[in-house]
Structures are given as structure tokens and as C-alpha cells.
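Asks: One structure is given below, represented as C-alpha cells, and several questions about it will come after.
The values are calculated or read from the model by the stated rules, or taken from the named source; none is laboratory data. From a predicted model like this one, the values you see are computed outputs, not experimental measurements. Don't worry about glycine lacking a Cβ; one is built from the backbone with ideal geometry, like all the others, and counts go over all protein chains shown.
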Amino acid sequence: MRIFSGNANRPLAQAIADAVGIPLGAMNCNRFPDGEVKVQVMEDVRGADVFVVQSTTTNDFLMELLVMTDALRRASASRITAVVPYFGYARQDRKHEGRVPITAKLVANLMVTAGIHRVLTVDLHAQQIQGFFDVPVDHLLARPVQLEYLMGLNLSNPVVLSPDTGSIKLADRIAKIMGIPLAIIDKRRTGDASTEVANIIGSIGSSEVIIIDDMITTAGSMSNAIKTARQFGAKRVIPVCTHAVLCGDAYERLSAAQLDELVITDTIPLKRRFNDLPVKVLTLAPLLGAAIKNIHTNQSVSSLFVERPNQKSA
């Protein structure tokens, strides 16, 4: 088995390799003077089971993944698994209006054409993207890691709040496992990066509110959810997400929201300017390492997600 990394998230790749118990593979992934991706595998991979860790947060990182895969395929690796903690272009999973692409499918086609035999990813924005690939996809959930942290906070009167109707299933699952109530924000979208809260379904009161979402991009939805929770009496608000994309006006919005704590994972490296905010980064390296071991030994990956609801009544 070999584990290699592009430039998207080398600290996570190193942590995964440490969790598996093998050194991170030697590979040069640089740029030619004109900006084109330059890759060279610096060790023998003939007949090896290879895992390439690379979140596709930018076009450059997606291109790196494709070129690394091609290099490994031409070096006679027996199987290449793309470990993509954050799968980019996941929002474009259907034609929501006329004359637009389904880019998630295009990216899946590119990855398979490059020579990827299997995909390991975390919390896809749309679960149907698994069906866009013509190779096996192992879809991991950050939920076990997030739940362990939330349970350890020993909150006295918690409520799970879904920031919109699209996150209800995720929030409901968390609420059921923790054995606590669920509330939902019914919002109306006014643009690609702006939303308007319309109503609250359920009761918040003077609770400790856990807001669950899969990703925070410009933080419009999340900052609105934090403000709404406080308006309805929440004494503490803990936003939780897997993918901290954090672009555009995210820093300004989260700063203005006066966070109690923001809980994210390390699928995407935290941008430096967010270090002055109260951010808790949970690592998924042990989870991804366990999944890689199971894939390599042809064992079940779904066995890593046996969840037992909290015995406390809601």
C-alpha cells in the first residue's frame, strides 16, 4: 500500500499516513514555468495499491489529482483510490434551470477517465453524486467524529437546529442519536449568496443550540442561523460543519456573528485569517485511515458507521 498527496491538504495526508502506520509516499507535484502541473512519482509503485489524498477545492487541485493519477497509472499501480475529503463542484449536481451544466458528473467522468479505480470521500453535498461515478464510491460521514465532540461538551439543555430545509435529514439524525429536540429554520433564498429567514419550526427557548450543516461557504446561511437562534433566546450557539470552504464574505459575517464556537473538520485547511476566531478543528485522519485500511484489506467500510442512539429521552 502507498499513500500520496497533492498540495491541497498535505497536513491531513500526513496525518492519515501516520494513522495507517506507513510513510507518506515521495512525489514531486510542482508547476512548470507557465503554470502547468508537473508531477513525478519518486518511488516504485508497480503493482501497488495506491491512495491519493486530494481535496478538489480549486481547479488547480482538481488538475493535480488528474495528473497524479495519470502518472501513477503509467507507473503500473495496480489500483488507484482517490481520497477526496472535499469533493468540489458538488453543488452543480442537476439542471436547476435551462442551459446549465451538471459539473459534478463532468468531474466524475474526468476522474474515471484519468484512471481512478475507486473514490473515498466525506459528506458529499448531494448524495446522488455517488451514482455519477462508474467506479465504486465509499461515502464516509464526519458524523461519528462530530458526535463524539458534541457529547463531550456535556451540554445541559441542547437543541439541534437545521439552518434550512435541505439540512433537515442530517440535523434530524444528529438529534435522534443525541436524544434531543430538533428545530428547523424555514428560509427563503434571495440570491446565490444571500438568504432571508422566514420562520422557525419547533422551539429553541433558552437552549444551547447546535446548528448542523455539511459546509460553510460564504457563511450567509450560517450567520443568519446564528442570529436567528439568538433572537429566539438561545443562550449558546454552536455551529458545526464538515467542510469549511469559507470564501467571499465568510470572515466578515462570522466575525460579526460573535461566535461562541465554530466546529469544523480538517477536510479543507483552515485559512490563516480565521485563526483569530473561536474555531475548533476536528481531525478526520483516524477515520479516513481506518477506511483506507479496510479498503486495502477488502473489509467493510460501512462498519465504521454503526450508530447507537443516546438512551436519554428527547
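Asks: Across the stretch 263-280, what is the number of residues that are outside any strand (DSSP E or B), of a type in the set (S, T, N, Q) and under 12 Å from the mean Cα position of the chain (by Cα)?
Replies: Total meeting the criteria: 1.
Asks: Sort out which residues of the stretch 1-60 are among the acidic types (Asp, Glu), closer than 15 Å to residue 77 by Cα and surrounded by 12 or more Cβ atoms within 10 Å (Cβ to Cβ), and write them in order of number.
Replies: Matches in the stretch 1-60: 43, 49.
Asks: Right, next: It is to be established whether one or more residues within the stretch 46-58 are on the phi > 0 side of the Ramachandran plot and touching a residue at least 12 places away in the same chain (Cβ under 8 Å).
Replies: The answer is yes, given that some residue of the stretch 46-58 is on the phi > 0 side of the Ramachandran plot and touching a residue at least 12 places away in the same chain (Cβ under 8 Å).
Asks: Restricting attention to the stretch 29-52, and to residues there that are among the aliphatic types (A, V, I, L, M) and in a loop (DSSP other than H, G, I, E, B), which single residue is farthest from residue 291 (Cα to Cα)?
Replies: Per the criteria, the residue is 42.
Asks: Turning to a different aspect of this structure: Only one of 282, 259 is surrounded by 15 or more Cβ atoms within 10 Å (Cβ to Cβ), farther than 24 Å from residue 87 by Cβ and touching a helix residue (DSSP H, G or I) at 6+ places or on another chain (Cβ under 8 Å). Can you tell me which?
Replies: The match here is 259.
Asks: Let me ask something else about it. Could you list, in sequence order, all residues of the stretch 281-313 that are assigned to a helix (DSSP H, G or I), of a type in the set (S, T, N, Q) and modelled with pLDDT under 95?
Replies: 302, 303
Asks: Moving on to the next point. Name the residues in the stretch 244-262 that are part of a strand (DSSP E or B) and either in contact with a His (Cβ under 8 Å, 6 or more places away or on another chain) or on the phi > 0 side of the Ramachandran plot (or both), would you?
Replies: none
Asks: With the condition kept exactly as written, say whether any residue in the stretch 90-101 is within 18 Å of residue 9 (Cα to Cα) and charged (D, E, K, R). Walk me through how you get there before you give the answer.
Replies: Here is the first cut: in the stretch 90-101, the residues within 18 Å of residue 9 (Cα to Cα) are none.
For the stretch 90-101, residues within 18 Å of residue 9 (Cα to Cα) and charged (D, E, K, R): absent.
Asks: Is at least one residue of the stretch 109-116 touching a residue at least 12 places away in the same chain (Cβ under 8 Å) and part of a strand (DSSP E or B)?
Replies: No.
Asks: Of all residues in the stretch 73-99, which are farther than 14 Å from residue 118 by Cα and part of a helix (DSSP H, G or I)?
Replies: Hit for the stretch 73-99 is 74, nothing else.
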